[in-house]
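The structure under discussion appears below in the form of structure tokens.
The values are calculated or read from the model by the stated rules, or taken from the named source; none is laboratory data. Predicted model, so just to flag it, every value in this text is computed and none were measured. Quick reminder, even Gly has a Cβ in these numbers, built from the backbone with ideal geometry, and neighbours come from all protein chains shown.
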Amino acid sequence: MTASPTFQLVGKHTILVSWEPIISEEIHSKVLQLEQYVTAFFSEEIIETVIAYHSVAIYLHEKTSAEVFLNKLEKSEWDKKQQVSNKKYIITIPVCYSEAFGTDLSEVAKLHKLTIPEVIALHIQPYYKVYFLGFLPGFPYLGGLDKQLHTPRRQTPRPYIDKGSVGVGGAQTGIYTLDSPGGWNILGRTPLHFFSAIKNPPVLVQPGDYVRFQAISRKKYDDISSQIDLGTYKLQKEVYHD
């Protein structure tokens, strides 16, 4: 059973609700439930909410009393309300695990005493839950990485990592949505675009969605890139059922 969260005032207009600091689907379901409840029933009083693995930050309008809001929230029995039904998806992400793209692939394999094909097989096996987006616009923090691939971040971050790079850092895996510095270990690259400021929504995945990686050849990578440029690529996406 999930322990009750703690409610804290953080500054004059921010409330932080947090649970035990672990990566847990059970806790994250509560995070999503609270975030959906606040968004649905207090939209006039909040600016935005920001979720993480085990917390929700609620940013309030200046005219909203944080103390009064906190008191209402604690007494609301939000966790007994029916959860808002938001459709979630399983999205297949094609990834080219060539060593040209997977700059840390051989190093990760060596660290864990695995072959490169074994690393790839372990990485594509799970369905990864999108816990939250952060660091870069649309960057998905994905839970569910096989323990055999848990890998410390690089001691010295790289000054440049290509958009679409798929990496592992600690117990997480994720996708660089823009060209960026970074310290995760890079296993491959996807041709898909995870963020576009001109699209609605601007991000490819949402918290609560699931992602599955599909290994592809370099030729397939180039073919998909061309289809994306032409606007003919069809994303593999299906509704997720609990």
Do we have Lys110 as in a helix (DSSP H, G or I) and either of a type in the set (Lys, Arg) or in the same structural domain as Thr151 (by TED's automatic domain parsing) (or both) here?
yes
From the list Ile90, Ile27, Ile47, Ile23, pick out the single residue that is touching a strand residue (DSSP E or B) at 6+ places or on another chain (Cβ under 8 Å) and buried (at least 17 other Cβ atoms within 10 Å of the Cβ).
Ile23
Would you mind stating whether Glu74 is surrounded by fewer than 17 Cβ atoms within 10 Å (Cβ to Cβ) and in contact (Cβ under 8 Å) with a residue 60 or more places away in the chain?
yes
Inside segment 182-196, the number of residues satisfying the requirement of being in contact (Cβ under 8 Å) with a residue 24 or more places away in the chain, more than 15 Å from Ile91 (Cα to Cα) and in a loop (DSSP other than H, G, I, E, B) is 2
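For the structure I just gave you, tell me whether Arg158 is of a type in the set (Lys, Arg), within 21 Å of Ala52 (Cα to Cα) and modelled with pLDDT of 95 or more.
Judged against the criteria, Arg158 is not a match.
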Could you tell me whether any residue of segment 137-144 is in contact (Cβ under 8 Å) with a residue 60 or more places away in the chain, closer than 26 Å to Val56 by Cα and buried (at least 23 other Cβ atoms within 10 Å of the Cβ)?
yes
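Yes or no, residue by residue, for (1) within 29 Å of Lys219 (Cβ to Cβ); (2) in the same structural domain as Gly169 (by TED's automatic domain parsing); (3) in a strand (DSSP E or B):
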{"position": "Lys30", "(1), (2), (3)": "no, no, no"}
{"position": "Thr39", "(1), (2), (3)": "no, no, no"}
{"position": "Glu44", "(1), (2), (3)": "no, no, no"}
{"position": "Thr49", "(1), (2), (3)": "no, no, yes"}
{"position": "Tyr53", "(1), (2), (3)": "no, no, no"}
{"position": "Tyr59", "(1), (2), (3)": "no, no, yes"}
{"position": "Val119", "(1), (2), (3)": "yes, yes, no"}
{"position": "Tyr131", "(1), (2), (3)": "no, yes, yes"}
Residues located in segment 216-237, provided they are exposed (fewer than 13 other Cβ atoms within 10 Å of the Cβ), hydroxyl-bearing (Ser, Thr, Tyr) and closer than 23 Å to Tyr128 by Cα:
Ser217
Of residues in segment 47-93 being at pLDDT 95 or above, more than 27 Å from Pro126 (Cα to Cα) and of a type in the set (A, V, I, L, M, F, W, C), the one nearest to the chain's Cα centre (by Cα):
Ala57
Considering segment 145-181 alone, what residues qualify as being assigned to a strand (DSSP E or B) and exposed (fewer than 15 other Cβ atoms within 10 Å of the Cβ)?
Pro159, Tyr160, Gly170, Pro181
Does at least one position in segment 214-221 carry a residue that is aromatic (Phe, Trp, Tyr), farther than 11 Å from Pro94 by Cβ and not in a loop (DSSP other than H, G, I, E, B)?
no
